[in-house]
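Trainee: So that we are looking at the same thing, I have put the structure below in structure tokens.
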Amino acid sequence: GFALAAAAIAQTKDAAAPKRAASPEVVVLDNGLHVLHVPSPEATYVSIALALPIGWGHDAKGRTGCAEVLRWFFEVTQVSVKPKQRFNVDVQAGQTLISHSGPRRDAVDRLAFIESLLAGKLEVTKDRVAVALGRAKLESDNHSWLYPGSVIEQKAWRTVFRGKPEGRQSRGIPEEIARLDVAAVRKRYVDRYGCTVAALAILGNLQPKVW
């Protein structure tokens, strides 16, 4: 299982700690997740970043926008979390970066969200997907309207990066986004967003009991 989330202790009170340079440590958990831990005993905040090698450049032909829909899906699953405690989700051509920086007391809860995400336990419901599809389509429509130069830029990228991820439609084509359904989004999420391809970085005063 996700041993880090279960074993981590977020220290909510300042404790005496030796002042020394942080020694980064890289550990591979039993589930295949690569973790980079950079201890910082004096830090009042903990920064968490999860990198996944899947982005809009990996959208299948005729299904552009699927990565963007997943971005909004991850946002929708956090609606019950206070805005300042939510993860920021950034989708690029070749990766998705999910990050958060906040007080130590929030760190374990945030790691629990990462655990659920990587274990495929986030509920891909019809309502959540409907909201995610709507936001992704609106974003795609608005981007072309607000930034007409982006259309020319996208065509240039397609010419230069023909056949490569960077040449695909970054926010997806509205008509193709509209054709996505719950099954397609669930399959993309379960098949591609797992522990074995992910890397997690933790910086701050979060000391795990066991690696």
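The values are calculated or read from the model by the stated rules, or taken from the named source; none is laboratory data. All values reported here derive from a predicted model rather than from experimental measurement. All Cβ positions, even for glycine, are placed from backbone atoms using ideal geometry, and neighbour counts span all protein chains on display.
Trainee: What number of residues within segment 68-85 satisfy the criterion of being modelled with pLDDT of 90 or more and either charged (D, E, K, R) or touching a His at 6+ places or on another chain (Cβ under 8 Å) (or both)?
Mentor: 3
Trainee: Between a residue in segment 54-75 that is in a loop (DSSP other than H, G, I, E, B) and any residue that is of a type in the set (A, V, I, L, M), which pairs come within a Cβ distance under 6 Å, given they are 6 or more apart or on different chains?
Mentor: Going by the 6 Å Cβ cut-off, the qualifying pairs are Gly55/Ala67; Gly55/Val91; Gly55/Ala93; Asp59/Ala67; Thr64/Ile173; Gly65/Ala136; Gly65/Ile177.
Trainee: Here's another thing I want to ask about it. Tell me, which helices (runs of 4 or more DSSP H) wholly within segment 116-211 include 3 or more residues that are surrounded by 14 or more Cβ atoms within 10 Å (Cβ to Cβ) and modelled with pLDDT under 90?
Mentor: Because the criterion is at least 3 residues that are surrounded by 14 or more Cβ atoms within 10 Å (Cβ to Cβ) and modelled with pLDDT under 90, the helices (runs of 4 or more DSSP H) in segment 116-211 that meet it are 126-146, 149-160, 174-178.
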